[in-house]
Amino acid sequence: MQLKRNWFNNFCISLAIIGLLYVMICGFTFLGGDKEYPDLLKGVLIFTLLGVWIGIKLLGNLAERLHLSMIFSENKNWVRIIQIVIVVVILVIAAAIRIIIIQKIPMKPESDYKTYYEIAKLLKSGDILEKGKGYCNYIALFPHVMGYSYILKKAFEWFGTSVIVGQYVNVFFSVGTVYLMYRIARLIKGRIAGMVALVLCAFWPSQILYITMLSAEYAFTFFFYLCILLFLTSMKDEDMNQKQPLKVVLSHVLLGVLIALTAAIRPMALILLIAIILCIFPQKMKLANLPRNDLPLLLRLIEKGWRRCILILIPYIIISNVITSNIELTVDKTLPSSAESFGYNLLVGLNIKSVGGWNEQDANLLENTMEKTNSASKAHIACRNIALKRLTSNPKGIFNLFIAKYELLWGNDDYGSTWNLTFLNEQKHLTKAKSDFLYEIRDYNNILYIMTVFFALVALLYLLKKEKEESYAILLILIYIGTVGMHLFVESQNRYHYFVLQIFIVLAGMGVEWIIEDAKQTVGNVLCERELALTLEDEGQNEIEELEAEKLRIQELVKKEMSHSFDMTEALKNGHVVMTVSEVYGKDNNEVFDEKDKEEEVI
C-alpha cells in the first residue's frame, strides 16, 4: 500500500524542519560552553561538517564517473555476500565495544536502575508481596516498571542473578536495534541510507556509554523498531499485499500484540500506535481490475486503511488488558486506568521551578496521597488536578517552560557521559583518566549529534519535494513530533530522547543518499551534455567532409564532361572537319555588314 501525500504530511514535515532547526541552534550555542576555549569545538564542527559535505559530493561524483552503481549492483551474488559480511562484521565490532565498556567502567545500579534490578530479583524469588510491599505500591503507580523488570527476571533465571547479566541483555538489545535500523533505512530509502544508519547506530557514543546502566531504553527501543520494521514490511511488500492477504492480516494482528508488549516496557509506545493509525487510516490499496466478487474476502478486508487499523487495535487492546490483569495479580493492587495513570508525570512536567524534572515536592505529594488513600488511581487523580491548575494559572510561565524543556530534551546528547560521571563519582570510582575520557567523548558526541541533525534536516527538505518512494518516512516524523508534544507536558529528561535518536539517524542516512544521488545526477548531466556536444561536433565535421567530397566529385564529373566536348579549331587542323566556300563567304559578308552597321551608328 502506497501512502499518498496530503496537506497533513507537508504540515508535519514543516513542523519537523522548524524543530530540527531549533535543535541545531541550541546544540551549536551550548557546544563547548564549559571549555577554556568555548569556540574551539564550534570551529571543529563547522569544518568537519564542511569536509563531510564535500566528501559526500565527491563520492557521488566518483560513483557516477566510475559507474560504481553498475559494478556493485545488488543483482550480483558477490555483492550480496560482501554486504552480509560487512553487516556482520560491524555488528560484531559493535557488540565487542559495548562489552569492553561494561568491563572497563563497572557500575552498580542506582536510582531507577536499582529499582528495576531489585524488582527483578523479587520476581525471580517469587516473594515480592512479602518482601517488596513498597515496590508493589511503586508498580501500582507506574505499571510499566514491570515490563523491563520481567525481562531481567527471565535473564536472571537463565544466566544467574547479577548486574552484568542485565548489562549483557542490554548489549543484545542494543546490537539488535542496530540491525533493525539498517533494515528500516534500506526499506524506506535504499542501500546507502541503510549503511549510514548501520554505522552510526553501531558506534554512537552516548548509546555505547549508557550500556552500563540497567535501563529499560534498550529493550524498549528494540521492540519499538521491531514494530516499525514489521509495519513497513507488511505495507511495502506489494506482492504479499496482493497475493497473500492472510499473511498481511496476521502481520497486522502480530503488530498489535508487539505494540502492546512494547507499551508494557514504556508507555511511549502509544505514540507509535497513534502514528501508525494517522498514516494508514485514510489510505486505500489499489486492487486488481476485476469484478469485486471475484476478489478474495481477505484482500477486500485489507483494501482500506481504517480496516487495517482495527486489525491492529483489537489485539493491542486485548493484550494490554491481559498484561494489566497479570500485573494486578502480581502486586495485589488495582492499577489506574490509562486516563488516570499520567497524573503524576503531568504534575512534574508542569513544574516551572524544577523545569519539568523530578522534584521532591511533587514526589512527596504522590507518596503521601498513596499512603492516605491506598489507591494509585486516587493518587494520580490528585496530581492531575493540581497539574491542570498549574497549566492555566501562569500561561507565560508555562510557555517559557515548554521552550526550556525542549532545549533540555533535544539541545545535546551527553546523557551517556553525564550518568556515568554522576554515578562513578557517587560510588567513589571516578578516576581522572575516566573523567577526562568521558568529558572528551561527551564533546565529540555532541558534534556528531549536531551533524546528524543537520543531515536529517537535509532529508526533510528533500521530503518536501518527494511524493511517492519515500512516503513512509512520514511515520518517523510523526513519532518525533509526538515525542516532542508529549514531553512538553510530562516529565522530561535529556535521556528520554534515546529512542528518537534512531529516527534522526535514519533521516540522516536518507539525506546522505539524496545528496549522493544529486551529485550523481549533476555529473551525469554534465557528461551527457559533453557527449552530446562531441557527438554534434563529430556529426558537423562529418557533414563538412561529406560536402567537400561531394564538391570534388562534382568537379571531377564536370572535368570529365568537358573532356568530351567538340573542339572546332582542333578538328579543322586535324582535317576532321571541312569548311565550304559558301560558309566562308557568308561569314565574311556578315562581318562586312556588321562593320557598316557600326560605322552608321557612330555617324
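For the reader, a short list of remarks on this structure follows.
- Estimated distance in nm for a label pair at PHE399 and THR422, the labels positioned 7 Å out from Cα along Cα-to-Cβ: 3.1
- Degrees between helix 7-30 axis and first principal axis of the chain (Cα, 0 to 90, nearest 10): 70
- A straight chain from VAL526 to PHE437 at 0.36 nm per residue would run longer than the Cα-Cα distance by 27.3 nm.
- Cα-Cα pairs of the chain separated by more than 32 Å (percent): 59
- When both segment 391-422 and segment 172-198 are represented by their alpha-carbon centers, they are found 29 Å apart.
- Prolate/oblate/rounded call for segment 100-259, Cα gyration tensor, a/c under 1.5 rounded: oblate
- Computed 3J(HN,Hα) for segment 59-71, one whole-Hz value per residue from the Karplus formula 6.51 cos²θ - 1.76 cosθ + 1.60 where θ = phi - 60°, is 4, x, 4, 5, 4, 6, 5, 9, 6, 5, 4, 6, 5, glycine and proline marked x.
- Split the accessible area of the chain by element, probe 1.4 Å, and carbon with sulfur accounts for 63%.
- The residue list GLN2, MET510, ILE99 was ranked by how far each Cα lies along the charge dipole of the chain toward its positive end, using unit charges on Cβ atoms, and ILE99 comes out on top.
- Crossing angle, helix 415-426 versus the chain [Cα axis fit, 0-90 degrees, rounded to tens]: 30
- Take 322-335, 135-148 and order them by the average number of nearby Cβ atoms within 10 Å per residue, most first; the result is 135-148, 322-335.
- For LYS304, the residues whose modelled amide H falls within less than 5 Å of its own, excluding neighbours fewer than 5 places apart on the same chain, are MET285.
- Ranked by the mean number of other Cβ atoms within 10 Å per residue, highest first, peptides 195-202, 55-62, 5-12 order as 195-202, 55-62, 5-12.
- Listed by chain and number, the lysines whose C-alpha is less than 26 Å from the C-alpha of LYS4, apart from same-chain residues fewer than 8 away, are LYS189, LYS236, LYS243, LYS247, LYS284, LYS286, LYS304, LYS465, LYS466, LYS468.
- Label-point gap, in nm, between LEU391 and LEU536 - each point 7 angstrom along Cα→Cβ: 6.6
- Pairwise FRET efficiency - GLU360 versus ILE164, Cβ, R0 = 35 Å, nearest 0.05: 0.60
- As a rough guide to protection, the peptides 14-26, 157-169 ranked by mean Cβ packing within 10 Å, highest first, stand as 14-26, 157-169.
- Average accessible area per residue (Å²) across the chain - probe 1.4 Å, nucleic acids and ligands excluded: 52
- Sequentially through segment 346-361, phi angles give Karplus couplings (6.51, -1.76, 1.60; θ = phi - 60°) of 5, 4, 5, x, 9, 7, 5, 5, 8, 6, x, x, 4, 8, 5, 4 Hz, Gly and Pro residues having no value and appearing as x.
- Gyration tensor (alpha-carbon) shape descriptor, segment 279-351, a/c threshold 1.5: oblate
- Computed over segment 128-216, the range of Cα coordinates on each principal axis works out to 55, 26, 23 Å, biggest value leading.
- Partners for LYS121 among lysines (Cα-Cα distance below 23 Å; same-chain residues under 8 apart left out): LYS108, LYS131, LYS133, LYS153, LYS154, LYS333
- Using θ = phi - 60° and Karplus 6.51 cos²θ - 1.76 cosθ + 1.60, couplings along segment 264-280 (whole Hz; Gly, Pro as x): 6, 8, 8, x, 5, 4, 4, 4, 5, 4, 5, 4, 5, 4, 4, 6, 9
The values are calculated or read from the model by the stated rules, or taken from the named source; none is laboratory data. The shown structure was predicted, so the numbers you read here are calculated from the model rather than taken from an experiment. Counting neighbours? That spans all protein chains shown, and the Cβs are built from the backbone with ideal geometry, glycine included. Side chains included, ligands, DNA and RNA excluded: accessible areas come from the protein's heavy atoms. Shrake-Rupley method; radii C 1.70, N 1.55, O 1.52, S 1.80 Å.
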